[in-house]
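Since the structure comes first, as structure tokens, the remarks are kept for the end.
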Amino acid sequence: EGPLLVIASGRDTISVASSIKRLATENVFLVQIQHPRSQLNRFDLVITPQHDYYPLTPHGQRQIPWFLRRWITPRRPPDRHVVLTVGALHLADSAALRSAASVWHDELAPLARPLLVVNIGGPTSSCQYGADLAKQLIAILQNVLWSCGSVRISFSRRTPEKVSKILLKEFSSNPKVYIWDGEGPNPHMGHLAWADAFVITADSVSMLSEACSTGKPVYVIGAERCTWKFADFQKSLWERGAVRTFTGKEDISESWSYPPLNDTAEAASQVMKALAAQGWTIDA
């Protein structure tokens, strides 16, 4: 009977969400998160990171196979109903971080400061690395350990075993360093809340987006290995002053800041604005 707001995210939801819209055009407002690649007019609003609109410059054409260009890169600038965010949408807003700070207080509050959190993702076709990056990270971390009170290292589900094994072998006996082994509750949100600074591998748009929403120092390793839209994302963060290259010359106790990314709240605001144009409101 409507009115109904439908929010869908990811490639697998596109056909179902567009079918709902087709069957109830007047009563449904459809928001699609992440670039659906084609027929954007099926949706009332599309919310997608700006690096998904990677331009077909001569440099871009050299990095993208010709048979993928029509799917990866738009032929024209986005329409008015397309909302471009800097990074990925996520749940790590101020309320969630306050809650995580409370939940993880007993474990993380007593740690010696500054607390450096290292988040390691995994290689992708556009950001390739292996044991070489693990060894580079070890050498750089060793150079900054003197300025850290504590270090917490976490791996993602995409982290290759050969990468995690190298880091475990190097740091498992270091009293300053704790490595989460995947057992028990995931400390990720607690790390976001309690860290004083982050080191993050360049492959993960989501981990970088979350860390840059805190306004705390974020150091990136491996950005030089990224191509096309991953490189474009790194460039956008660098231009905003949200990230710096991790070189091993840092003093982690020296803080710096920038305007935090606020993509989720800003995207939500655009949804509310679009609904208001139709005479719809959502109770807070």
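The values are calculated or read from the model by the stated rules, or taken from the named source; none is laboratory data. Computed from a predicted model, the values in this text were never measured in an experiment. Reconstructed Cβ throughout: ideal geometry from the backbone, glycine too, with neighbour counts over all protein chains shown.
Some observations on this one:
- Boolean, residue 139 is farther than 23 Å from residue 187 by Cα and either under 20 Å from the mean Cα position of the chain (by Cα) or part of a helix (DSSP H, G or I) (or both): yes
- Residue identified as under 19 Å from residue 111 (Cβ atoms), in contact with a Ser or Thr (Cβ under 6 Å, 6 or more places away or on another chain) and modelled with pLDDT of 95 or more among 251, 263: 251
- Qualifying residue in the stretch 221-236 (condition: in the same structural domain as residue 200 (by the TED database) and of a type in the set (Ser, Thr, Tyr)): yes
- Helices (runs of 4 or more DSSP H) enclosed by the stretch 1-101 - at least 2 residues per element that are modelled with pLDDT under 80: 58-63, 69-72
- Note on the stretch 137-154: residues that are out of contact with any helix residue (DSSP H, G or I) (no Cβ under 8 Å at 6 or more places or on another chain), within 12 Å of residue 115 (Cβ to Cβ) and not hydroxyl-bearing (Ser, Thr, Tyr) amount to 2.
- Number of positions in the stretch 146-163 that are buried (at least 19 other Cβ atoms within 10 Å of the Cβ), of a type in the set (Ser, Thr, Tyr) and closer than 19 Å to residue 136 by Cα: 2
- For the stretch 97-110, the criterion of being in the same structural domain as residue 214 (by the TED database) and either in contact with a Cys (Cβ under 9 Å, 6 or more places away or on another chain) or at positive phi (or both) is met by no residue.
Let's see how each residue does on (1) touching a strand residue (DSSP E or B) at 6+ places or on another chain (Cβ under 6 Å); (2) free of Cβ contacts under 8 Å to residues at least 12 places away in the same chain; (3) surrounded by 15 or more Cβ atoms within 10 Å (Cβ to Cβ); (4) among the hydrophobic types (A, V, I, L, M, F, W, C):
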{"position": "106", "(1), (2), (3), (4)": "no, yes, no, no"}
{"position": "111", "(1), (2), (3), (4)": "yes, no, yes, yes"}
{"position": "114", "(1), (2), (3), (4)": "no, no, yes, no"}
{"position": "117", "(1), (2), (3), (4)": "yes, no, yes, yes"}
{"position": "120", "(1), (2), (3), (4)": "yes, no, yes, yes"}
{"position": "125", "(1), (2), (3), (4)": "no, yes, no, no"}
{"position": "128", "(1), (2), (3), (4)": "no, no, no, no"}
{"position": "134", "(1), (2), (3), (4)": "no, no, yes, yes"}
{"position": "143", "(1), (2), (3), (4)": "no, no, no, no"}
